[in-house]
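Chemist: Quick one: the structure is below, and I'll ask about it shortly.
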Amino acid sequence: MTSLTAREMDVMSVLWDLGSATVAEVSARLEDDLAYTTVLTVLRILESKGLVGYEREGRAHRYHPLLERREAGRTVLDRLRKKVYSGSTEMLVANLVSDERLSAQTIRRLRKLLDERLEKEERR
């Protein structure tokens, strides 16, 4: 997958949340106050990368994501793991779980996921 810039990720996030949107709808949901033409340019770049598609809706285009949020997340985490943590998944996960803002409930869910993954590996 082609890597996404921060701005492209912002626009994709809106499309993932809404399912589809016009340029005006994307623009309204972005935190930054961007010109219509800027948002349109980002959407056209995403289209050229094969990450969004569109359908005509009157005079407007309604854009929809072709890239799933989960796949984008996997790609971003893999890049982060390689570039920041020297390829170490353990260091990446350790950094994530050392975050003091995690609630006890979240930590229990993470522990459960890790236990399930460990059981699966041990059955192999």
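Chemist: Regarding residue 52, is this residue closer than 30 Å to residue 92 by Cβ and touching a strand residue (DSSP E or B) at 6+ places or on another chain (Cβ under 8 Å)?
Modeler: It is true that residue 52 is closer than 30 Å to residue 92 by Cβ and touching a strand residue (DSSP E or B) at 6+ places or on another chain (Cβ under 8 Å).
Chemist: If you don't mind, another one. Residue 101 passes all but one of (1) farther than 20 Å from residue 17 by Cβ; (2) surrounded by 11 or more Cβ atoms within 10 Å (Cβ to Cβ); which number fails?
Modeler: Checking residue 101 against (1) farther than 20 Å from residue 17 by Cβ; (2) surrounded by 11 or more Cβ atoms within 10 Å (Cβ to Cβ), the one that fails is (2).
Chemist: Cβ-Cβ below 8 Å, separation at least six or inter-chain, first residue in the stretch 79-101 and modelled with pLDDT under 95, second among the β-branched types (Val, Ile, Thr) and loosely packed, with under 13 Cβ neighbours inside 10 Å: which pairs?
Modeler: Partner pairs satisfying both residue conditions: 81/89; 92/84; 97/107.
The values are calculated or read from the model by the stated rules, or taken from the named source; none is laboratory data. What you see is a predicted model; the values in this text were computed from it and never measured. Heads up, the Cβs are rebuilt from the backbone with ideal geometry, glycines too, and the neighbour counts pull from every protein chain shown.
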